[in-house]
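Peer 1: Below are the C-alpha cells for one structure; questions will follow.
Just so you know, all these numbers are worked out from the coordinates, no wet-lab data involved. Owing to the predicted nature of the structure, the values given are computational and were not obtained by experimental measurement. Because the Cβ atoms are built from the backbone with ideal geometry, glycine has one as well, and the counts that use them run over all protein chains shown.
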Amino acid sequence: MYMIGLTGGIGSGKSTVAEMLRAHGLPVVDADQIARDIMEPGSPVLDDVAAVFGADLIGSDGALDRAGLAARAFVSEEQTQKLNAITHPAIRAESARRFSQLERAGEKAAVYDMPLLIELGLNKDMDLTVVVDVDADERVRRLVAHRGLDENDARNRIERQIPDAQRRAAADEILDNNGTLADLERQVEALVDQITNILLGV
Ligand code: ATP
C-alpha cells in the first residue's frame, strides 16, 4: 500500500487537507484521533498512565482526568518523556493495525495524518511526505480566530515545535495554505492526480 504522510505545524491545516483527501476517496489514519482512542476507558494504556502518574487520575467510571494528567505530565521535559514513552508505542501499534486493516480491505493508498511525523522520523516509512505550510503569523491569526487560543499561547506553541524550514526540508510535496480554502483544494486535487498517476504506474 502506498503510504502518504501528512504533516505540518500546529494550525497549518492538516485536518482540513485530510478531509479534502477523504472526499477524494483516500482513507486517512488520524494519529490525533488514535491518541484520544487509546485513552478511552478500559484501554491498557490507562493502566500504564495510572502506574506512572497516579491511580487517582482514573475516575470510578474508568475515564481519564485529562487535565489532571496534563498538569502532571507537562511540568518538565522528563515527565513529558515518561508520558510519551507510554503513548507513542501505543499510537504506533494502533496506527499499524489500522493500516493493515486498510491494506487487507484492498486499499491501494492511505494517508497518515500525523503532527509529529518528521519529529519522530516516521517520514522515513512513508512513500510520500506532504507538508502543509503556512506563515507563522497567519497560523497565529487562524488559531486565535477559530480555536479561541490566546495570541501568546498560539505563538508559544508554534515556537516549541520544530522550525518550519526543517519540516519543509523533509517534504516531498509542500501544500501552501497561506491562501484561501479554494487555493488549497486546487493543490490537493493536483496531489490526488499525482498519487493516482503513481498508482497507475504512469
Ligand atoms: P492542529 O495542529 O491544531 O491539529 P491543523 O493543522 O489540523 O491544526 P486545521 O484544523 O485544519 O489545522 O486548521 C486550523 C484552522 O484554520 C481551522 O479552523 C481551519 O478551518 C482554518 N483554516 C485552514 N485552512 C484555512 C484557509 N486556507 N483559510 C482560512 N482558514 C483556514
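Peer 1: By count of other Cβ within 10 Å, fewest leading, how are ILE34, ILE10 ordered?
Peer 2: Fewest-to-most ranking of ILE34, ILE10: ILE10, ILE34.
Peer 1: Put +1 on the Cβ of each Lys and Arg and -1 on the Cβ of each Asp and Glu in the chain; which of LEU191, TYR2, LEU69 then has its Cα farthest toward the positive end of the dipole?
Peer 2: So the residue we want is TYR2.
Peer 1: What is the distance, in nm, between label points placed 7 Å from the Cα along the Cα-to-Cβ direction at LEU181 and at GLU40?
Peer 2: 2.8
Peer 1: Given a Förster radius of 45 Å and the C-beta distance between GLU151 and ARG104 as r, what FRET efficiency does 1/(1 + (r/R0)^6) yield to the nearest 0.05?
Peer 2: 0.45
Peer 1: Further question: Given R₀ = 22 Å, what would the calculated FRET efficiency be for GLU19 paired with GLU173, taking r from the Cβ atoms and rounding to 0.05?
Peer 2: So the FRET efficiency works out to roughly 0.80.
Peer 1: If R0 is 30 Å, what FRET efficiency do you get for ASP32 and ASN197 from their C-beta distance, rounded to 0.05?
Peer 2: Efficiency, from the Cβ-Cβ distance: 0.50.
Peer 1: If I model a spin label as a point 7 Å beyond the Cα along the Cα-Cβ vector, how far apart are those points for ARG160 and ALA71 in nm?
Peer 2: Once both label points are built, they end up 1.7 nm from each other.
Peer 1: Please order THR7, THR80, THR129, THR87 by the number of other Cβ within 10 Å, starting at the fewest.
Peer 2: By the 10 Å Cβ count, ascending: THR80, THR87, THR129, THR7.
Peer 1: By count of other Cβ within 10 Å, fewest leading, how are ILE162, ILE118 ordered?
Peer 2: ILE162, ILE118
Peer 1: Could you name the lysines whose alpha carbon sits less than 22 Å from that of LYS14, not counting residues in the same chain fewer than 8 places away?
Peer 2: In chain and number order, the partners are LYS108, LYS124.
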